[in-house]
Amino acid sequence: MLRMDGFSYVHAASWPEALALWSAHPEAMYVSGGTDLLPNVKHGLFKPRTLVGLSGIRGGVDADSDRVVIGATTCLDEVASNPIIRAMLPPLAQAAALVASPQIRAMGTLGGNVLLDTRCLYYNQTEFWRRSLGYCLKADGTWCHVVGGPKTCVAAQSSDTVPVLLALNAVLRLIGPGGARELPIRDLFRFNGMDHLAIAKGELLTDIVVPTPGPGFVGSYTKLRTRESIDFPQLGLALCATLEGGTLRSIELVLGAVNPQPKPIRGLEAFLGCSLDDAAIDAIADLVFKQTRPQESIAGDAPWRRQMAAVFTRRALVAVRAAGAA
Ligand SMILES: Cc1cc2nc3c(=O)[nH]c(=O)nc-3n(C[C@H](O)[C@H](O)[C@H](O)COP(=O)(O)OP(=O)(O)OC[C@H]3O[C@@H](n4cnc5c(N)ncnc54)[C@H](O)[C@@H]3O)c2cc1C
Ligand code: SF4
């Protein structure tokens, strides 16, 4: 059995209270559903002296004609089943439904999923396992076993909902010791597996705001993993597009679980105004293949994951073309 080092627990009933509790307790961390943080504490990857619990802060989903606002403490189960999200943002409901298992989706929150730590075969292990290898750069050591050097960590961004939220151009509402601010989710991630989130110490994610997609919106999330349940993605592909009579009016493709940050595909504007025919689909899949460079930090052969990025792109585009024509 893995035991956790001792820590104290304080429960917050509101965002300002959570911030005040964090400020009052040195070496405190926030815990929401705890489905990522607590396994990491058991593995000795984090050693908080206090956990500030966010589960008493109500989540929920609200919408007007311009946007859908999702509270950060909304559990993934609700994100997957909420009628507003299913009707207006189907790829987000799809991605949330593919996270882990029913039990974990009932505990795990959308905010925790956005702020999920990066993952690596040499990092998400017990303290004993990591010590036997001399630890690694991201935790307790000085060397990266993937890159083979002392400087770069390429642990993978592994959240299922993040690629979709990027493709939907979501904006994050944050409050912290420096005040409140809004941050486009595209600016949240850095290419650095040790420090991949551009948020300040103590900052809280309170809401995820998603602009309502326009008429003709089609989209999907496709996940590669070893088993059809429990497993983290070895690759995730989010596609969000707008079709008008078979013509592409907008398109965003974002890959997850390839690098420390999600990977938006560049150069897709060249296809706007084109018919989404087989030639265009092949050309877009080719573009995705060229731009995808999966790291070896997580399970699944990297060249195979790269090939699958193109395969998933082709399948997703064929499916949205059929949905757009229906
Ligand atoms: C067996 C297993 C399988 C899993 N499979 C998947 C999978 O397939 N796909 C996937 O995406 N994830 C997976 N997960 C990871 C995890 O369950 C989810 O990512 C979940 O959404 C995390 O949410 P949480 O509320 O439990 O986060 P927590 O564990 O509570 O927190 C995660 C991190 O976010 C911080 N945090 C949480 N909420 C806030 C907030 N509002 N403001 C500031 N900081 C905050 C915490 O301090 C911590 O650093 C899996 C986990 C397990 C144990
Ligand atoms: S990529 Fe390297 S430094 Fe980062 S967690 Fe893996 S082994 Fe450690």
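The values are calculated or read from the model by the stated rules, or taken from the named source; none is laboratory data. Only a predicted model underlies this, so the values are computations on that prediction, with no experimental measurement involved. Methodologically, a virtual Cβ is constructed for each residue, glycine included, from the backbone with ideal geometry; neighbour enumeration extends over all protein chains shown. Areas reflect the complete protein model, heavy atoms only, side chains present, ligands, DNA and RNA absent. Shrake-Rupley method; radii C 1.70, N 1.55, O 1.52, S 1.80 Å.
Identify all residues within the range 117-144 that are within 8 Å of ligand 2 (Cβ to nearest atom) and open to solvent by 80 Å² or more (accessible area, probe 1.4 Å); write none if there are none.
W143
What number of residues within the range 11-36 are open to solvent by 20 Å² or more (accessible area, probe 1.4 Å), closer than 18 Å to M107 by Cα and either within 12 Å of ligand 1 (Cβ to nearest atom) or of a type in the set (A, V, I, L, M) (or both)?
So the count comes out to 6.
Please list, ordered by first then second residue, the pairs with beta carbon atoms under 7 Å, 6 or more apart or interchain, first in the range 93-122 and more than 22 Å from R173 (Cα to Cα), second among the aromatic types (F, W, Y) and in a loop (DSSP other than H, G, I, E, B).
R119/F232
Here's a check for you: in the range 113-144, which residue that is away from ligand 1 (no atom under 16 Å from the Cβ) and in a strand (DSSP E or B) is farthest from D301 (Cα to Cα)?
Pass one, the range 113-144, residues away from ligand 1 (no atom under 16 Å from the Cβ): 122, 127-137, 140-144.
From what is left, the residues that are in a strand (DSSP E or B) are 136, 140, 144.
On the way: C136: 21, D140: 27, C144: 18 Å.
Top of the filtered list is D140.
V147: in contact with a Cys (Cβ under 9 Å, 6 or more places away or on another chain), assigned to a loop (DSSP other than H, G, I, E, B) and either near ligand 1 (Cβ under 9 Å from one of its atoms) or in contact (Cβ under 8 Å) with a residue 60 or more places away in the chain (or both), yes or no?
no
Does the range 303-315 include one or more residues that are open to solvent by less than 10 Å² (accessible area, probe 1.4 Å), within 16 Å of ligand 2 (Cβ to nearest atom), under 21 Å from the mean Cα position of the chain (by Cα) and within 14 Å of K263 (Cβ to Cβ)?
yes
For the range 98-110, check the following and say yes or no: at least one residue is in the same structural domain as I175 (by TED's automatic domain parsing) and more than 11 Å from ligand 1 (Cβ to nearest atom).
yes
Among the residues of the range 92-108, which ones are open to solvent by 20 Å² or more (accessible area, probe 1.4 Å) and assigned to a helix (DSSP H, G or I)?
Q94, A97, P102, Q103, I104, R105, A106, M107
Looking at (1) crowded, with 21+ Cβ neighbours inside 10 Å; (2) in contact with a helix residue (DSSP H, G or I) (Cβ under 9 Å, 6 or more places away or on another chain); (3) farther than 19 Å from A156 by Cβ, find the lone condition where G111 falls short.
Checking G111 against (1) crowded, with 21+ Cβ neighbours inside 10 Å; (2) in contact with a helix residue (DSSP H, G or I) (Cβ under 9 Å, 6 or more places away or on another chain); (3) farther than 19 Å from A156 by Cβ, the one that fails is (2).
When you go through P163, P177 one by one, which is the residue that is touching a Gly at 6+ places or on another chain (Cβ under 6 Å) and open to solvent by 60 Å² or more (accessible area, probe 1.4 Å)?
On the way: P163 fails: open to solvent by 60 Å² or more (accessible area, probe 1.4 Å).
Result: P177 is the single residue among P163, P177 that is touching a Gly at 6+ places or on another chain (Cβ under 6 Å) and open to solvent by 60 Å² or more (accessible area, probe 1.4 Å).
Quick one: in the range 221-268, which of the residues that are under 18 Å from D117 (Cβ atoms) and hydrophobic (A, V, I, L, M, F, W, C) is surrounded by the fewest Cβ atoms within 10 Å (Cβ to Cβ)?
Among residues in the range 221-268 that are under 18 Å from D117 (Cβ atoms) and hydrophobic (A, V, I, L, M, F, W, C), the one surrounded by the fewest Cβ atoms within 10 Å (Cβ to Cβ) is I230.
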